[in-house]
Amino acid sequence: MEPSESREAKGTVLLAHWEIMNERCIIMRKDWDTYFMDIAFEVATRSTCPRRYVGAVVVKDRRIKGTGYNGSASRLPHCIDEGCMVVNNHCIRTIHAEVNALLECTPEERQGATIYVTDRPCAECSKLIISTGIKKVVYARDYHIDYDWFSRAPWVEVVHLADYDNPHAKTGK
């Protein structure tokens, strides 16, 4: 700035610089769906079934209420230890991520909450999600389902983040 410029002009230039910097920060900042989906993918890294790494996060009022990943029931052997138990092309040894996440929450925490799941919930998990009072389901990867129970529950919003950039894509998890 030139020495002859006033304090007011200097302040305007500083304010303009701050606004430009602030815009850059906002552009780089993740939206809430991406933020919580990133966490769901991180939770999925704890999965103990190598057939599919799935994670889920229950969120209410932008606060995490529970997390879950696909794995064996408590105190039972895991797929990574004794192998998968496959029946009709599904591993029956594991409890799905959505179930484990919902089990961590109280009924009050589930009521009106959002569940972020790395994969589209299966038909059985969909019914459980509907029954527990979850109001929104956000998923990243599509998954073949036998029946779409959400189509019969219009009060549950379902969002597919089709353009989601999985931070673990390189690891395969």
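The values are calculated or read from the model by the stated rules, or taken from the named source; none is laboratory data. It should be emphasised that the depicted structure is a prediction, and the values quoted were computed from it without experimental measurement. Every residue, glycine among them, receives a Cβ derived from its backbone with ideal geometry; neighbour counts consider all protein chains shown. Accessible surface is based on the protein model in full, side chains and every heavy atom, while ligands, DNA and RNA are left aside. Shrake-Rupley method; radii C 1.70, N 1.55, O 1.52, S 1.80 Å.
For the criterion of being among the acidic types (Asp, Glu) and open to solvent by less than 70 Å² (accessible area, probe 1.4 Å), Glu124 fails.
Within the range 79-101, the residues that satisfy the criterion of being in a helix (DSSP H, G or I) and either closer than 17 Å to Phe36 by Cβ or open to solvent by less than 50 Å² (accessible area, probe 1.4 Å) (or both) are Cys79, Ala97, Glu98, Val99, Asn100, Ala101. Scanning the range 14-59 for residues being at pLDDT 95 or above, within 29 Å of His90 (Cα to Cα) and open to solvent by 70 Å² or more (accessible area, probe 1.4 Å) gives a total of 2. In the range 62-78, the residues that are part of a strand (DSSP E or B) reach residues that are among the hydroxyl-bearing types (Ser, Thr, Tyr) with C-beta atoms within less than 7 angstrom, at least six apart or across chains, in these pairs: Tyr69/Ser47; Gly71/Ser47; Gly71/Thr48; Gly71/Thr94; Ser72/Thr48; Ser72/Thr94.
On the given criteria, is Ala162 within 15 Å of the chain's Cα centre (by Cα), among the small types (Gly, Ala, Ser) and surrounded by 12 or more Cβ atoms within 10 Å (Cβ to Cβ)? Taking the combined requirement at face value, the residue does not satisfy it. Scanning the range 143-159 for residues that are of a type in the set (Phe, Trp, Tyr) and open to solvent by 40 Å² or more (accessible area, probe 1.4 Å) returns Tyr143, Tyr147, Trp149, Trp155. For first residues located in the range 153-168 and touching a residue at least 24 places away in the same chain (Cβ under 8 Å) and farther than 14 Å from Val117 by Cα, partners that are among the basic types (Lys, Arg) and assigned to a loop (DSSP other than H, G, I, E, B) and lie 6+ apart or on another chain with Cβ distances below 8 Å form the pairs Val156/Lys135.
Looking across the range 78-108, the residues that are within 16 Å of the chain's Cα centre (by Cα) and either over 20 Å from Thr67 (Cβ atoms) or acidic (Asp, Glu) (or both) come down to Glu98, Glu104. Against the definition (of a type in the set (Lys, Arg) and at positive phi), how does Arg46 come out, yes or no? When the stated conditions are applied, Arg46 does not pass them. Checking each residue in the range 133-150 for being among the acidic types (Asp, Glu) and at pLDDT below 95 picks out Asp142, Asp146. Of the residues making up the range 61-78, just one is among the charged types (D, E, K, R) and under 22 Å from Cys122 (Cα atoms), namely Lys65. A single entry from Cys125, Cys105 fulfils the requirement of being assigned to a loop (DSSP other than H, G, I, E, B) and out of contact with any Pro (no Cβ under 7 Å at 6 or more places or on another chain): Cys105.
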